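Before any comments, here is the structure.
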Protein chains: 2
Amino acid sequence: MRDDDIATIMRALGHPVRLNILRILATQQRGECCCADVTESLPLAQSTVSQHIKVLLDAGLIKRLPRGTRNCYIVQHDRLAALGSAYSSMVTGLNPDGRNVETELV
Amino acid sequence: MRDDDIATIMRALGHPVRLNILRILATQQRGECCCADVTESLPLAQSTVSQHIKVLLDAGLIKRLPRGTRNCYIVQHDRLAALGSAYSSMVTGLNPDGRNVETELV
DNA sequence: TTCTATGATCGGTGATTTACGATAGAAGAT
DNA sequence: ATCTTCTATCGTAAATCACCGATCATAGAA
């Protein structure tokens, strides 16, 4: 994973509302449906939520599922995991002693 | 770690130049000195680098060490690890099956 | 077909970010 | 004391972001 990709994803995660949206999406059991639901759970306009969703989409952190007249979104857990992976190896690489300060992986 | 803190750190890491700066700082063996060195390693003006450094400072990702006429910076590995920790538990929390997609920790 | 609901997108506003050159202050050297 | 070096900060311009209301396209219902 290139630096640019890491930065893009980090950036997408770098807003509390977007962290919240991920959580809201994940909470919907069966992954079924979301979107107006998300707006309903937040003190923001629909257009604003839609924009935040787009940022998450562009970062590949969620996926769109057209469901008739509405769009549902599901969290891309593998992508989140991939970031964790890339991040951990970056942190490990930064550590001069090579000791794994904490997270072991990859 | 609160969402706001996670978002702040993520955001600080959400720029390729800043990832680079972390790497440059980490590469200086003995953690000794940096700053003009950083500017030298990047195609950016000194003032711009200084601003990026400030973002990293504010996020607690690096620490300033006054060294006479110059300032040196060192990476705060524990802070990086703390984010990894917070991130991993967040991702785990997002996963409906509770299975740990990958990174095990905390 | 016409109506309704959903949600993406457009246009706009104000705040923030990224970049720069210029400046200023502090520490060390002369 | 003066000069030099280093670097934070200021001022500025351009780009991007976060938010909003309004609009438009689409799918389903009437």
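The values are calculated or read from the model by the stated rules, or taken from the named source; none is laboratory data. Worth saying up front: this structure is predicted, and the values here are computed from it rather than measured. As a convention, Cβ positions derive from the backbone with ideal geometry for all residues, glycine included, and neighbour counts pool all protein chains shown. Just so you know, the surface numbers come from the protein's heavy atoms only, side chains and all, with ligands and any DNA or RNA stripped out. Shrake-Rupley method; radii C 1.70, N 1.55, O 1.52, S 1.80 Å.
For residue B:48, the conditions (1) in a helix (DSSP H, G or I); (2) at pLDDT below 95; (3) farther than 18 Å from residue B:81 by Cβ all hold with the exception of (2). Within the option set A:58, A:78, being open to solvent by 50 Å² or more (accessible area, probe 1.4 Å), within 14 Å of DNA strand D (Cβ to nearest atom), under 30 Å from residue B:80 (Cβ atoms) and among the charged types (D, E, K, R) holds for one residue only, A:58. Residue selection: residue A:87 satisfies the criterion of being part of a helix (DSSP H, G or I), among the aromatic types (Phe, Trp, Tyr) and open to solvent by less than 20 Å² (accessible area, probe 1.4 Å). Does at least one position in the range A:16-33 carry a residue that is touching a residue at least 40 places away in the same chain (Cβ under 8 Å) and within 27 Å of residue A:93 (Cβ to Cβ)? There is at least one residue in the range A:16-33 that is touching a residue at least 40 places away in the same chain (Cβ under 8 Å) and within 27 Å of residue A:93 (Cβ to Cβ). Does residue B:69 qualify as being modelled with pLDDT of 95 or more and out of contact with any strand residue (DSSP E or B) (no Cβ under 8 Å at 6 or more places or on another chain)? Judged against the criteria, residue B:69 is not a match. For the residues A:23, A:2, A:67, the requirement of being over 22 Å from residue B:11 (Cα atoms) and surrounded by fewer than 17 Cβ atoms within 10 Å (Cβ to Cβ) singles out A:67. Keeping to the range A:45-55, report how many residues are surrounded by fewer than 16 Cβ atoms within 10 Å (Cβ to Cβ) and touching a helix residue (DSSP H, G or I) at 6+ places or on another chain (Cβ under 7 Å). The qualifying residues number 1. Please find, among A:11, A:18, the residue that is within 9 Å of DNA strand D (Cβ to nearest atom), surrounded by 20 or more Cβ atoms within 10 Å (Cβ to Cβ), outside any loop (DSSP other than H, G, I, E, B) and within 11 Å of chain B (Cβ to nearest Cβ). Answer to the selection: A:18.
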